[in-house]
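Single-structure report; data block below.
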Amino acid sequence: MFKNIGGKIKKLSEIVTWMGIITSVILGIIIMSPGDTMILAGLIVIVLGCFASWTSSFLLYGYGQLIENTDRLLLLHIGENDKNEPDLEQIEETHKSSVHTTKAPSKVGKCDICGKESTPVFYCTIKDDLGTRYRNMCTECMQNWDIKK
Ligand SMILES: [Zn+2]
């Protein structure tokens, strides 16, 4: 429900913006309907309403973008100095998603992402355009990152 909350916030800001624009247009048309004298007022309501809906969405959208970027940076940089990265060949590949892959059985240890200790962790391979990284991740973090077991 709260997975990928950054993306959901961005989506919400888009929906709110469109609702604001549609409401402004309907309201403008209603104001215009009595006749000539109200046409200018109706147009002003439409133009200003659409503009206000659009600009007021910036803050919410930007906040969603910020969360998305932070999540991404966290995954990319935590444990950056891992030394013992095993040979890719030694690991049996069981599943491949667009960005992340996980292999190897679970064991109990410390999650490299959230830092939770004594939790079942999976050895995950994270592949993207920046390269390949290896992290021990708890099931919760794997869910957050859409990694399939
Ligand atoms: Zn974790």
### Summary
Of the listed residues (E117, E89, E85), the one being assigned to a loop (DSSP other than H, G, I, E, B) and modelled with pLDDT under 75 is E85
### Message
Within segment 135-149, take every residue that is more than 10 Å from the ligand (Cβ to nearest atom) and surrounded by fewer than 18 Cβ atoms within 10 Å (Cβ to Cβ) and give me the one that is modelled with the lowest pLDDT.
### Response
K149
### Query
Among the residues of segment 107-134, which ones are more than 13 Å from the ligand (Cβ to nearest atom), of a type outside the set (S, T, Y) and buried (at least 18 other Cβ atoms within 10 Å of the Cβ)?
I126, R133
#### Entry: Within segment 35-78, tally of residues that are surrounded by 14 or more Cβ atoms within 10 Å (Cβ to Cβ), under 16 Å from the mean Cα position of the chain (by Cα) and polar (S, T, N, Q)
1
### Query
If you check I31 against the conditions, is it surrounded by 13 or more Cβ atoms within 10 Å (Cβ to Cβ) and assigned to a helix (DSSP H, G or I)?
yes
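The values are calculated or read from the model by the stated rules, or taken from the named source; none is laboratory data. From a predicted model like this one, the values you see are computed outputs, not experimental measurements. Every residue, glycine among them, receives a Cβ derived from its backbone with ideal geometry; neighbour counts consider all protein chains shown.
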